[in-house]
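Chemist: Let me begin by handing over the structure; questions about it come next.
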Amino acid sequence: MFNPLRFLWRVNNRFKSWEEADIKKYQGKQIDKLIKFAVKKSKFYSTFYNGFDLTNFSNLPFMNKQLFMDNFTQLNTVGLTKEECINHCLEIEQSRDFSEYYKGYLVGMSTGTSGNRGIEFVSKMEAFLMQLLVFFRFPFPKTRKIHLAFILRVFSPGFGHNGRKIRITYVSPLDTIEAIVEELNRLNPNLISGPPSVLHVLARAKDEGSLKVSPLLIISYGEVLSSNVKKIIETDFSCSVVEVYKSSESFIALPCKDGKLHINEDTTLVEVLDKNNEPVKAGKPGFVVVTDFIKRKTPIIRYKLNDLITVDPEPCSCGSKFRVIKEVHGRADDIILGRKTNSDELQFILPDYIRRSIISSSDYIEEYNAIQTSPLNLTIKLQLGANVEKQAMKEIERTIQKSLEKIFTIHASEVPKINFQYVSLKQDFDKKLRRVQRTFEEDFLN
Ligand SMILES: [Zn+2]
């Protein structure tokens with residue numbers, strides 16, 4: 001019989017007292033069980049792994065979104081078809097009743113930026129285990145009752161709750177910021193969770209006085225949280241901002257009491273690899289490959305995400321040996337690529353360098369986009385405050401140009417031609433905010 005108290009004890013014990021060797025040992029066992037299960041129960045995996053040595057995990061082929069979606073019907077272990085899941089998702093998107101179960105499962109659909117949508121699907125038990133993990137491990141502020149307002153762009157199954165101690169209310173990112181402000185004022189939550197682009201706008205509303213809530217803690221998810229946006233949100237709300245890192249495939253990391261983002265080593269195996277699929281050292285950026293130990297209905301094994309992260313080489317002050325993610329850099333296809341000056345190779349430049357050099361150039365910059373259309377062309381779109389004179393605009397351009405020149409030069413890359421545009425950049429709350437984007441394809445990680 002499943003005993004939640006025992007689970008609570010285990011979840012906390014692992015996090016607090018496990019050494020690296022304990023983590024490795026546990027993960028090895030979980031991998032073993034998962035692979036045996038997948039080959040036995042999933043038609044897709046039994047064919048996919050045909051001819052591979054199942055005991056050699058790091059030689060197993062990678063999974064990705066395309067493979068997952070193309071083979072969804074054969075991959076899941078409960079006999080649902082891709083078509084029926086998609087139809088169900090389209091229906092609940094109309095009714096927006098996300099708590100509805102389909103044949104006993106919670107099914108959700110994620111939006112892909114290029115229109116390729118992914119299906120996320122969990123059983124009641126899997127959803128319950130993930131909820132428990134979050135509730136037990138998340139550093140909730142000490143208060144009698146938690147009321148979390150969850151600003152949710154797309155539905156993620158299994159996180160609704162209305163208990164005695166914890167209440168979670170979904171706030172849909174409606175069409176206007178005024179509507180979100182009004183809804184939050186009405187709910188008066190003591191915790192707010194949302195994508196940083198929405199939180200950033202809410203911080204402005206808080207500063208101007210239209211938003212009246214005073215949360216104890218703010219949780220950022222779903223997009224890159226840059227250091228300057230974090231600072232603005234913390235200042236305007238006078239509270240801390242912590243990050244959670246979750247994809248449709250796995251709940252990857254949760255913050256600790258010291259605010260650091262720890263990988264959930266006991267539920268997700270995270271591999272951080274370079275472009276030759278070799279593990280990178282902590283402190284260096286690499287792309288994320290996840291294996292989920294909870295999901296059995298849609299086994300997620302060596303699933304290559306499109307994200308780039310850096311693991312912190314330093315241990316956390318909280319004492320846990322679970323690895324800390326120092327930075328989530330964002331989607332690999334939003335990484336700027338410079339053309340090396342001494343060869344034809346492309347050098348990747350992390351988006352945070354670009355973000356920082358633009359935002360620190362002038363206080364007049366309210367919003368911006370950097371779009372790289374080719375290795376030698378970069379468009380910077382700027383939204384400036386009111387009444388900025390031509391002369392000041394020229395000065396801003398010069399400062400940005402200089403700062404970007406420096407960054408490309410440090411990366412031994414040719415400086416692209418920079419084209420400035422002045423536009424109104426209204427944030428569309430239904431879409432992920434991508435301040436730095438690359439529009440040409442280059443599979444630099446493979
Ligand atoms: Zn910690």
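Chemist: Which residues, taken from the range 308-322, are more than 16 Å from the ligand (Cβ to nearest atom) and open to solvent by 30 Å² or more (accessible area, probe 1.4 Å)?
Modeler: Across the range 308-322, there are no qualifying residues.
Chemist: Report yes if Lys257 is in contact with a Pro (Cβ under 8 Å, 6 or more places away or on another chain), over 20 Å from Thr55 (Cα atoms), at pLDDT below 95 and assigned by TED's automatic domain parsing to the domain that holds Leu54, otherwise no. I'd like the intermediate steps shown before the answer.
Modeler: Numbers: in contact with a Pro (Cβ under 8 Å, 6 or more places away or on another chain): yes; over 20 Å from Thr55 (Cα atoms): yes; at pLDDT below 95: yes; assigned by TED's automatic domain parsing to the domain that holds Leu54: yes.
For Lys257, the condition - in contact with a Pro (Cβ under 8 Å, 6 or more places away or on another chain), over 20 Å from Thr55 (Cα atoms), at pLDDT below 95 and assigned by TED's automatic domain parsing to the domain that holds Leu54 - is met.
Chemist: Asp292 versus (1) acidic (Asp, Glu); (2) open to solvent by 10 Å² or more (accessible area, probe 1.4 Å); (3) away from the ligand (no atom under 16 Å from the Cβ): which is the lone unmet condition?
Modeler: Of the numbered conditions (1) acidic (Asp, Glu); (2) open to solvent by 10 Å² or more (accessible area, probe 1.4 Å); (3) away from the ligand (no atom under 16 Å from the Cβ), the odd one out for Asp292 is (2).
Chemist: So which of Lys36, Lys65, Lys41 is in the same structural domain as Asn276 (by TED's automatic domain parsing) and farther than 30 Å from Val280 by Cα?
Modeler: Lys41
Chemist: Shifting gears a bit: Would you say Gly283 is in the same structural domain as Met125 (by TED's automatic domain parsing) and within 16 Å of the ligand (Cβ to nearest atom)?
Modeler: Details: in the same structural domain as Met125 (by TED's automatic domain parsing): yes; within 16 Å of the ligand (Cβ to nearest atom): no.
For Gly283, the condition - in the same structural domain as Met125 (by TED's automatic domain parsing) and within 16 Å of the ligand (Cβ to nearest atom) - is not met.
Chemist: What number goes with the only condition from (1) over 30 Å from the mean Cα position of the chain (by Cα); (2) open to solvent by 50 Å² or more (accessible area, probe 1.4 Å) that Arg339 does not pass?
Modeler: Here Arg339 clears every test but (1).
Chemist: Go through (1) surrounded by 18 or more Cβ atoms within 10 Å (Cβ to Cβ); (2) modelled with pLDDT of 85 or more for Phe348 and report which single condition fails.
Modeler: (2)
Chemist: Filter the helices (runs of 4 or more DSSP H) completely within the range 1-97 down to those with at least 1 residues that are exposed (fewer than 13 other Cβ atoms within 10 Å of the Cβ) and out of contact with any Cys (no Cβ under 9 Å at 6 or more places or on another chain).
Modeler: Where helices (runs of 4 or more DSSP H) fall fully within the range 1-97 and carry at least 1 residues being exposed (fewer than 13 other Cβ atoms within 10 Å of the Cβ) and out of contact with any Cys (no Cβ under 9 Å at 6 or more places or on another chain), they are 4-17, 20-41, 43-48, 65-70, 82-95.
The values are calculated or read from the model by the stated rules, or taken from the named source; none is laboratory data. The structure presented is a predicted model; accordingly, all values stated were derived computationally and were not measured. All Cβ positions, glycine included, derive from the backbone under ideal geometry; neighbour counts span all protein chains shown. Surface accessibility is based on the protein's heavy atoms, side chains included, excluding ligands, DNA and RNA. Shrake-Rupley method; radii C 1.70, N 1.55, O 1.52, S 1.80 Å.
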